[in-house]
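The values are calculated or read from the model by the stated rules, or taken from the named source; none is laboratory data. Quantities reported herein were computed from a predicted structural model and do not represent experimental measurements. Methodologically, a virtual Cβ is constructed for each residue, glycine included, from the backbone with ideal geometry; neighbour enumeration extends over all protein chains shown.
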Amino acid sequence: MMKKTNKKAQLGHATTWLHKFFILVLVIGGIIAIVTMHYSKQYDVRDVEASVVARNIVECVAPGGILKEFNEETIRNCFPFNEEEIYMNITLENDNLVFGNDFLATLCKAEGKKVKVEYYPACLEERYYVLENDEGKTLNLFIAIKKIGKNL
Amino acid sequence: MLKDKRGIELGWEFIFTLLFVVAIIIIISFWIGSQASGSAMKKQILAKEICLLVTSAEPGTTIMIETEKKMSIIRQNTGIVVKESELDRGYFYDCYFKDNIDFSKKDDIMIIEIR
């Protein structure tokens, strides 16, 4: 009889400890969540980053404004990029080169049509004039950068 | 005698709970302090600014940045890590760094060379 009562008491004691522990975890978790939300504001640099990428592409394809080479290998050797985080559509007259995540282009189009997108990429469209054998050509660039976790 | 034993047990339980709660309060206070001091934001801004500066620099450029003594700026693959101390995990930002970029440190000055 004595043993049975002790067992019940032990069980009750353990339950109260579990309850205390649960409340402690809840309170600490709440504090951490609030502080993290308040202080982890992100500084969005993707627009500037897209401009830098565009300039680097132009410098690779046409250093000093004079067309050197326009092919996939030139762009790939230009700078290392993560295919999941970037989309690049480069057009020189009738030649077109596409790299990266196509879905980012779709998100950019959606944003342009005022569709509410919560996590949007940074989109940049630029046009450059380059010379090829003294003939002027248009280089169109469309760049989209994702990097949502680090910028939004 | 039985009552004394239970009292001692309760006493130990109280001390254990008190130490546990105090330790948690201290850890959380330090953590909130480090977050509120803006060090996380400072690391983030520094990493992103350096990333853009280096990516847009012409070859043959040397960038010198005066940093705090304990702060370190390290290249990690194609990105950059800004750490406040050795124990700090740091802030990483992926850039578009090629093999022509060298990072070195002399006293409190960080030297970035773009070959």
*Scanning for something in a loop (DSSP other than H, G, I, E, B) and either more than 25 Å from the chain's Cα centre (by Cα) or of a type in the set (S, T, N, Q) (or both), does segment B:1-13 turn up at least one residue?*
yes
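Name the residues in segment B:15-42 that are among the charged types (D, E, K, R) and modelled with pLDDT of 90 or more, would you?
none
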_Of all residues in segment A:107-119 being loosely packed, with under 13 Cβ neighbours inside 10 Å and either of a type in the set (A, V, I, L, M) or more than 17 Å from A:Asp44 (Cα to Cα) (or both), the one that is nearest to the chain's Cα centre (by Cα)_ = A:Val117
*Scan (1) outside any loop (DSSP other than H, G, I, E, B); (2) free of Cβ contacts under 8 Å to residues at least 40 places away in the same chain; (3) within 14 Å of chain A (Cβ to nearest Cβ) for the single condition B:Asp102 breaks and write down its number.*
(3)
*Can you tell me how many residues in segment B:60-75 are part of a loop (DSSP other than H, G, I, E, B) and more than 15 Å from B:Ile114 (Cα to Cα)?*
5
*asked:* Show the residue pairs meeting these rules: Cβ distance below 7 Å; 6+ apart or different chains; first residue within segment A:120-135 and surrounded by 14 or more Cβ atoms within 10 Å (Cβ to Cβ); second residue of a type in the set (Phe, Trp, Tyr).
replied: A:Glu125/A:Phe142
*Name the residues in segment A:32-80 that are outside any helix (DSSP H, G or I), within 21 Å of B:Lys43 (Cβ to Cβ) and charged (D, E, K, R), would you?*
A:Lys41, A:Asp44
*Within segment A:136-152, track down each residue that is surrounded by 14 or more Cβ atoms within 10 Å (Cβ to Cβ) and free of Cβ contacts under 8 Å to residues at least 40 places away in the same chain.*
A:Ile148
*Test result for A:Gly65, closer than 30 Å to B:Gln35 by Cα and either more than 20 Å from the chain's Cα centre (by Cα) or modelled with pLDDT under 90 (or both)*: no
*Residue in segment A:24-53 that is farthest from the other protein chains (Cβ to nearest Cβ), counting only those that are touching a residue at least 24 places away in the same chain (Cβ under 8 Å) and either on the phi > 0 side of the Ramachandran plot or out of contact with any strand residue (DSSP E or B) (no Cβ under 8 Å at 6 or more places or on another chain) (or both)*: A:Gln42
*Assess whether A:Ala62 counts as being under 27 Å from A:Leu152 (Cα atoms), out of contact with any Gly (no Cβ under 9 Å at 6 or more places or on another chain) and more than 14 Å from chain B (Cβ to nearest Cβ).*
no
*Would you be able to say whether some residue in segment A:13-21 is of a type in the set (Lys, Arg) and over 30 Å from A:Leu131 (Cα atoms)?*
yes
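Keeping to segment A:104-150, report how many residues are assigned to a helix (DSSP H, G or I) and away from chain B (no Cβ under 14 Å).
Qualifying residue count for the region: 9.
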*Does segment B:18-72 hold any residues that are under 30 Å from A:Phe79 (Cα atoms) and small (Gly, Ala, Ser), and which are they?*
B:Ala40, B:Ala47, B:Ser56, B:Ala57, B:Gly60, B:Ser72
